[in-house]
Amino acid sequence: MSVTTAYADCEAITRAQAKNFYYGIRLLPPPKRHALSAIYAMARRIDDIGDGDLSTKDKLDHLDEVRRQLADPGAVVGHDPVMMAVADAAQRYPVPMAAFGELVEGCEMDAAGTSYETFEDLVGYGRRVAGSIGRLSLGVFGATDMALASSRADALGVALQVTNILRDVVEDREEMGRVYLPIQDIARFGVAPDLTGPRDNLAALIVFEAEQSRPFWSEGLALLPLLDHRSRACVAAMAGIYHRLLARIERRPTAVAEVRVSLPGWEKAWVATRAITGLGITNGVGA
């Protein structure tokens, strides 16, 4: 298998399974697009283990195996296009490979059914499963101040993860038996631990958690000026789609109990177009 074929496989995975992110990734020049697709495909592999149907022990064993392989991805033999592409991307760009280990830790928390007492606890989880992706991506993007950019990429990851959690509250509970919202906040708003009860109470809880994410959005969006034009457009498109999604959830918080809230394709394309032309990159990223 050639590296070109490996990257093509990773890009196909990203295009099929990460439609929101792909709107941004496709704005990158080909070398960066390929590397970022490899990072996403590996992240997807790790996440799929944590969300799969295996026993807890088997999930943890598989996650530990991926952790071991990622310590030296170039040494993995066989026909593994994702690992091959990750190894090549890590040679071409200063990808902080240790961040994959943090993602594995987050998925181990999923496998173990970890719950979160406070919003601060949830942020710790978000830094592992999403902040890590921000920092991995930054290795491909580059930045004028990498230390500052790393902190802001981490914050943006948390903002995106909280938005994901709010969008998927019912799906996570019904399909995987998981409740990510902080236990203290659930009790504060008079919602049952399994998120059942008065619809208005759940709506108030959703709006409150959205407000809790605002400081992370503010810090995360401050990453944009530190990036080159194409990388900035990529991040602005991805962040813009999620920012509009969060706004839609806030306007109708009861919707998350009825249907998976999403944006139509035309609206995602509109956000991406504004990002590449430099419009909507500030003041809410096209909101």
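All conditions but one from (1) over 18 Å from residue 136 (Cα atoms); (2) assigned to a loop (DSSP other than H, G, I, E, B); (3) not hydroxyl-bearing (Ser, Thr, Tyr) apply to residue 16; the one that does not is (2).
Checking the structure you have, find out if any residue of the range 109-119 is part of a loop (DSSP other than H, G, I, E, B), surrounded by 20 or more Cβ atoms within 10 Å (Cβ to Cβ), touching a residue at least 40 places away in the same chain (Cβ under 8 Å) and out of contact with any strand residue (DSSP E or B) (no Cβ under 6 Å at 6 or more places or on another chain). Checked the range 109-119: at least one residue is part of a loop (DSSP other than H, G, I, E, B), surrounded by 20 or more Cβ atoms within 10 Å (Cβ to Cβ), touching a residue at least 40 places away in the same chain (Cβ under 8 Å) and out of contact with any strand residue (DSSP E or B) (no Cβ under 6 Å at 6 or more places or on another chain).
What number of residues within the range 146-194 are on the phi < 0 side of the Ramachandran plot, surrounded by fewer than 17 Cβ atoms within 10 Å (Cβ to Cβ) and outside any helix (DSSP H, G or I)? So the answer is 3. Looking across the range 23-43, the residues that are within 17 Å of the chain's Cα centre (by Cα), in a helix (DSSP H, G or I) and more than 20 Å from residue 97 (Cβ to Cβ) come down to 23, 24.
Each residue in the range 219-231 was checked for being assigned to a helix (DSSP H, G or I) and either hydrophobic (A, V, I, L, M, F, W, C) or within 17 Å of the chain's Cα centre (by Cα) (or both), and 6 of them qualify.
Restricting 275, 247, 255 to those that are under 23 Å from residue 158 (Cα atoms), surrounded by 20 or more Cβ atoms within 10 Å (Cβ to Cβ) and either modelled with pLDDT of 90 or more or not charged (D, E, K, R) (or both) reduces the list to 275. Here residue 105 meets the list (1) of a type outside the set (Gly, Ala, Ser); (2) buried (at least 19 other Cβ atoms within 10 Å of the Cβ); (3) free of Cβ contacts under 8 Å to residues at least 60 places away in the same chain; (4) not in a loop (DSSP other than H, G, I, E, B) almost entirely, failing just condition (2). The conditions of being of a type outside the set (Phe, Trp, Tyr) and either touching a Cys at 6+ places or on another chain (Cβ under 8 Å) or farther than 29 Å from residue 275 by Cα (or both) are met by residue 191.
Beta carbons closer than 9 Å, at least 6 apart along the sequence or on distinct chains, pair a first residue in the range 1-19 that is exposed (fewer than 13 other Cβ atoms within 10 Å of the Cβ) with a second that is in a helix (DSSP H, G or I) and among the hydroxyl-bearing types (Ser, Thr, Tyr) for 16/22. Among the residues of the range 13-49, those that are touching a Phe, Trp or Tyr at 6+ places or on another chain (Cβ under 6 Å) and either closer than 16 Å to residue 84 by Cα or of a type in the set (Val, Ile, Thr) (or both) comprise 14, 34, 35.
Scan the range 70-91 and give yes if some residue there is within 19 Å of the chain's Cα centre (by Cα), farther than 23 Å from residue 180 by Cβ and not aliphatic (A, V, I, L, M), otherwise no. No: the range 70-91 contains no residue that is within 19 Å of the chain's Cα centre (by Cα), farther than 23 Å from residue 180 by Cβ and not aliphatic (A, V, I, L, M). Of all the criteria given as (1) of a type outside the set (Val, Ile, Thr); (2) within 27 Å of residue 231 (Cβ to Cβ); (3) over 19 Å from the mean Cα position of the chain (by Cα), the one not satisfied by residue 175 is (2).
Of the residues that sit in the range 129-145 and are of a type in the set (Gly, Ala, Ser) and part of a helix (DSSP H, G or I), which one is surrounded by the fewest Cβ atoms within 10 Å (Cβ to Cβ)?
Only one residue fits best here, namely 139.
The values are calculated or read from the model by the stated rules, or taken from the named source; none is laboratory data. A quick note: this is a predicted structure, and the numbers were derived from the prediction, not measured. No Cβ is skipped: glycine too gets one built from the backbone with ideal geometry, and neighbour counts run over all protein chains shown.
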